[in-house]
1. Can you name every residue in segment 398-441 that is touching a helix residue (DSSP H, G or I) at 6+ places or on another chain (Cβ under 6 Å), farther than 25 Å from L70 by Cα and assigned to a loop (DSSP other than H, G, I, E, B)?
2. With the structure loaded, tell me whether L169 is surrounded by 23 or more Cβ atoms within 10 Å (Cβ to Cβ), in contact with a Gly (Cβ under 7 Å, 6 or more places away or on another chain), aliphatic (A, V, I, L, M) and on the phi < 0 side of the Ramachandran plot or whether it fails that test.
3. Scan segment 292-309 and give yes if some residue there is touching a Phe, Trp or Tyr at 6+ places or on another chain (Cβ under 6 Å), within 15 Å of A350 (Cα to Cα) and open to solvent by 40 Å² or more (accessible area, probe 1.4 Å), otherwise no.
4. Collect the residues in segment 109-154 that are within 22 Å of I318 (Cα to Cα), of a type in the set (A, V, I, L, M) and part of a loop (DSSP other than H, G, I, E, B), keeping them in residue-number order.
5. Only one residue in E28, E46, E39 is at pLDDT below 95, out of contact with any Pro (no Cβ under 7 Å at 6 or more places or on another chain) and either open to solvent by less than 70 Å² (accessible area, probe 1.4 Å) or charged (D, E, K, R) (or both), so which one is that?
6. Based on what the data block shows, is I236 closer than 30 Å to G406 by Cα and either at pLDDT below 95 or hydrophobic (A, V, I, L, M, F, W, C) (or both)?
7. Would it be correct to say that T112 is touching a His at 6+ places or on another chain (Cβ under 6 Å) and of a type in the set (S, T, N, Q)?
Amino acid sequence: MADKPGVLHRLASLTLLCLLAACVDWPEPPPDQTFTEDELAILRTELGTLPELPPDPTNRVDEDPRAIALGQKLFFDPRYSENDQISCATCHAPDMAFQDDRAPTSLGLAYTGRHAPTVINAAYSMNSRTWANWMFWDGRADSIWGQALGPPESRVEMGGSRLGIIYFLDRYYRDEYEAVFGPLPPLFDEEGEPLYPTAGMPSEAAWDDLDESTKQLLNGVYVGFGKAISAYERRIVSRNARFDAFITEIIDGADDSDVLTAEEKLGLKVFIGDGLCIACHKGPNFSDARFRNIGLAQVGEHVPAEDEGRAAGIRNVIDSPFNCAGPFSDHPDKSTCAVVDLEMSDRARALGTFKTPTLRDVSRSAPYGHTGGLATLEDVIELYDRGGDEPGTYQGDLHPKVRPLGLTEEEKAALVVFLRTLDGEPLEPSLHIRPQLPMGD
């Protein structure tokens, strides 16, 4: 009986502790972020690290160091624009993840109707079945060099001209150009006067009055200009993100990895699960390079009320002499070019659809979307969580995966944290630098 008061005292103390514990708002233990077998299967089959740079069969000089060096100079040189001030780097600025953050839509000679997408990993934006490297938001070019030929002659972007650029190459880059592509055609008569007007582009008399054989000859020079720029741009690659270290361990057989934090793993689970991101942002480049309507409204000061998107892109790439199957492509088997199978009838279902962008380096490439109307990653996630916005005039049905998601605030925050793990190592410094430009004659 001597111990009974002590026992009762201890029981009373335990009871009091239990009552106190019930009243305290103890923090929840962190959620279990281990991956299920199904999730591991998705990670191993749908994602991955970037392979070696894929070849561009349409560009025979793609690996030529002289073409790469020439292309880098042309990328940064503003002197073939109408006002001598606008270069490729104006809307694809290296310190802005090779895109344009100055306004929701990009600014050349005037504001364009879309936001310039990043050049980063453009070399991996390819169709996996038949060859196409779809460029622009609407895919109106099927190679990087085909894309590079558009802005120089755009009235709202650079305002240059085909003949002007050819004479520009002769004045500033003759030796470098000829070392890669062979001799330039004769451009001056015996008295040293230009054989052609130094300004002229398709649909203008200075160009249209030329005979077809001359046009073909000069177009070949213009294509060389684009292929050199492409050779440089294809080196702009984001690699060795923290995610890459994580996924390498998973692919090698690990069931988990401590490379990512618990919150980042939760974001990855949302990415491949309830967030439905994996439906479009798959593969090592986090894009399937296809075209979809995500319900992004045509809203913004310089955004047109109507945008046909991919529907216009199909028409333009089929009609372009600079496509994969055209006379200036170096592809050894042009029957395998994706453009061969494109039909104008495809335009109806492509109305209002836009290309799925890469998510590599995504935290550095704001604003987002073809309108540039999504200022932050949080804005992007909110768009998807609410199931898109009211479609524009030309937008057809939303992609079936675009629907209200009902994500929790914790899941949204974790998704943003995960997306930042896709930021790669800094590029080779020399790729950022504006090279010394030649002074000309």
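The values are calculated or read from the model by the stated rules, or taken from the named source; none is laboratory data. These numbers were taken from a predicted model, which means no experiment stands behind them. No Cβ is skipped: glycine too gets one built from the backbone with ideal geometry, and neighbour counts run over all protein chains shown. Surface areas here come from the heavy atoms of the whole protein model, side chains and all, with no ligands, DNA or RNA. Shrake-Rupley method; radii C 1.70, N 1.55, O 1.52, S 1.80 Å.
1. Hits for segment 398-441 are K401, L405, L407, D423.
2. Details: surrounded by 23 or more Cβ atoms within 10 Å (Cβ to Cβ): yes; in contact with a Gly (Cβ under 7 Å, 6 or more places away or on another chain): no; aliphatic (A, V, I, L, M): yes; on the phi < 0 side of the Ramachandran plot: yes.
The answer is no for L169.
3. Checked against the condition, which is being touching a Phe, Trp or Tyr at 6+ places or on another chain (Cβ under 6 Å), within 15 Å of A350 (Cα to Cα) and open to solvent by 40 Å² or more (accessible area, probe 1.4 Å), segment 292-309 yields at least one hit.
4. M126, A132, L149
5. None of the other options fit; the residue is E28.
6. Values: closer than 30 Å to G406 by Cα: no; either at pLDDT below 95 or hydrophobic (A, V, I, L, M, F, W, C) (or both): yes.
No: the conditions fail for I236.
7. Numbers: touching a His at 6+ places or on another chain (Cβ under 6 Å): no; of a type in the set (S, T, N, Q): yes.
For T112, the condition - touching a His at 6+ places or on another chain (Cβ under 6 Å) and of a type in the set (S, T, N, Q) - is not met.
Every residue, every condition in (1) basic (K, R); (2) in contact (Cβ under 8 Å) with a residue 12 or more places away in the chain; (3) assigned to a helix (DSSP H, G or I), yes or no:
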site: Y172; (1), (2), (3): no, yes, yes
site: Y177; (1), (2), (3): no, yes, yes
site: P197; (1), (2), (3): no, yes, no
site: S203; (1), (2), (3): no, no, no
site: S230; (1), (2), (3): no, yes, yes
site: V237; (1), (2), (3): no, yes, no
site: I278; (1), (2), (3): no, yes, yes
